[in-house]
1. Going through the range 47-75 one residue at a time, which ones are loosely packed, with under 12 Cβ neighbours inside 10 Å and free of Cβ contacts under 8 Å to residues at least 24 places away in the same chain?
2. Tell me which of these Arg256 doesn't satisfy, since it passes every other one: (1) charged (D, E, K, R); (2) assigned to a loop (DSSP other than H, G, I, E, B); (3) without any contact (Cβ under 8 Å) to a residue 24 or more places away in the chain.
3. So which of Gly272, Gly261, Gly219 ends up being in contact with a Leu (Cβ under 9 Å, 6 or more places away or on another chain) and more than 24 Å from Leu206 (Cβ to Cβ)?
4. Determine which member of the set Ala408, Ala393 is assigned to a helix (DSSP H, G or I) and either surrounded by fewer than 21 Cβ atoms within 10 Å (Cβ to Cβ) or under 28 Å from the mean Cα position of the chain (by Cα) (or both).
5. If you go through the range 414-462, how many residues are in a helix (DSSP H, G or I) and either within 16 Å of the chain's Cα centre (by Cα) or touching a residue at least 40 places away in the same chain (Cβ under 8 Å) (or both)?
6. Is there a residue in the range 139-148 that is surrounded by 24 or more Cβ atoms within 10 Å (Cβ to Cβ), assigned by TED's automatic domain parsing to the domain that holds Ala286 and assigned to a helix (DSSP H, G or I)?
7. Given the conditions (1) buried (at least 19 other Cβ atoms within 10 Å of the Cβ); (2) modelled with pLDDT under 90; (3) of a type in the set (A, V, I, L, M, F, W, C), report the number of the one that Leu108 does not fulfil.
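The values are calculated or read from the model by the stated rules, or taken from the named source; none is laboratory data. Owing to the predicted nature of the structure, the values given are computational and were not obtained by experimental measurement. Here the Cβ positions follow ideal geometry from the backbone for every residue, glycine too, while neighbour counts run over all protein chains shown.
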Amino acid sequence: MDTTPAPLRDTDDSMRLATLPVRALLRRPPVTVSPDTPIRDAARLMRDERVSSLLVVHQDQLIGLVTDRDLRNRVLAADRDPQTAVVDIATTAVQTVDVTDHAFDALLLMARLNVHHVPVMEDTRVIGVITATDLQRQQSNAAVNLAGALYAQDSLDGLVQISTRIGELQRQLAAAGTPAHAAGRLVSAMTDALTARLLQLGEARLGSPPVPYAWVAAGSQARNEQTAKSDQDNCLVLDDAYNPTAHGPYFEQLARWVCDGLNACGYVYCPGEMMAMTATWRQPLARWRAYFRQWIEQPEPKALMLTCVFFDQRFVYGERALLDTLRTEVLQRTPGQRIFLAHMVSNALSHQPPLGWLGGLHTIRGGKHDGTIDLKHSGIVPIIDLARVYALAGGILAVSTRERLQAAASSGEITPERTRDLIDALDFLAQLRIQHQARLLAEGRPADNYLRLDELSDLERRHLKDAFAVVKDLQGVLERRYVAGRF
């Protein structure tokens, strides 16, 4: 079977450190104590917070730094009273770096001073600490090395531990200004590697598969557009030699192992159960052919709303030809199916940009996300839906949204000028999203898609309105082409 994912390419580590901002290294808010805190309490705080240093702060001013080495050399070895104030053992002549400095500057400072901890400042306020370990991780967090680390694990516990670095990778990519489509491709590649390793471990536990299969990513992973906030969408396409009685238990266990493993690694179960561990989505090729034939030729609006995720599919592991055969046949059927396309457009119109009649931005009112804009469902998903319709109408094999839009311009489904507008809108919205998520992760909060307008400059707000206006305009074009007067 063809089980080797495409190799990842990476840049030189020194060049990356020279361009990576210090901000990208910050993994959590600083852990601070007041100058009069007893040494014993400071040591307990370091243990509880699992940190190797503390910042001594008074009235928001940095006074000094205490490390685990200070506790060893200046307290235990010196037989000092643990009730002594922590400021007495702190290093008070502290060298710092600015949040806008580059990682290479911090590395040089540590080498010059022979220190392993450097506080990070934003104006006059300390916002965190970076360590020599953080800098060393840059090599292990590089995409190619991170993928290698995933493949080196021989247990689920090991994969869970290594998978935490995927979020760190996204933060670094965002802080380094990596384009959203490139960051999405790298993050998705890490999910591919994690999935493939789970399948390898699953086969080691269960034995060789009784018939060939293709593990298929759907949704954002298939489009190479994953971010740190992703659930899992996947399915299994089995060879037609599959026998439910003889082979069913094997593939049920394999799918459960992989989906449970992905969930343990932070890729939560799909709320709609669009996963290979659901029997409906673990079927032989002939059954998948029947699914798509019914969806296309006898479309049901509610069914299409739930299953449109499977019109975005990409091979991850196993026998690639199974999926290639299916996708080729599907895209031979969809062009010219106007009733099917009308239903797809109608479903796509359920996600509308938050613009008022006069072009003003409308935020969510009430509830947990009051005063925010949902960047995903109000901005990015409508573009994904438009690109999917263009691809299905034009029989386009591309899966990623950006590549679908580029191919649609060549096929005549959309003009080159409108294509550029949509791609610009997608890039802007996606970049806002990953930067927003990176900020939340750096603050120790879970990533989400809900942006407050006060996070934006006036110029960014104007660009946001322009992006939404482009999407709304092209939704109107498709509505008039396929839906108007039909339902």
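1. Once the filter is applied, which keeps residues that are loosely packed, with under 12 Cβ neighbours inside 10 Å and free of Cβ contacts under 8 Å to residues at least 24 places away in the same chain, the range 47-75 yields Arg47, Asp48, Glu49, Arg50, Gln59, Arg72.
2. (2)
3. Details: Gly261 fails: more than 24 Å from Leu206 (Cβ to Cβ); Gly219 fails: in contact with a Leu (Cβ under 9 Å, 6 or more places away or on another chain).
Just a single option satisfies the conditions, and that option is Gly272.
4. Result of the check over Ala408, Ala393: Ala408.
5. The qualifying residues number 23.
6. Scanning the range 139-148, I find at least one residue that is surrounded by 24 or more Cβ atoms within 10 Å (Cβ to Cβ), assigned by TED's automatic domain parsing to the domain that holds Ala286 and assigned to a helix (DSSP H, G or I), so the answer is yes.
7. Against the list (1) buried (at least 19 other Cβ atoms within 10 Å of the Cβ); (2) modelled with pLDDT under 90; (3) of a type in the set (A, V, I, L, M, F, W, C), Leu108 comes up short only on (1).
Table: residues versus (1) more than 18 Å from Leu236 (Cβ to Cβ); (2) touching a residue at least 40 places away in the same chain (Cβ under 8 Å).
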{"position": "Tyr267", "(1), (2)": "no, yes"}
{"position": "Ala279", "(1), (2)": "no, no"}
{"position": "Trp288", "(1), (2)": "no, yes"}
{"position": "Glu297", "(1), (2)": "yes, yes"}
{"position": "Ala303", "(1), (2)": "yes, no"}
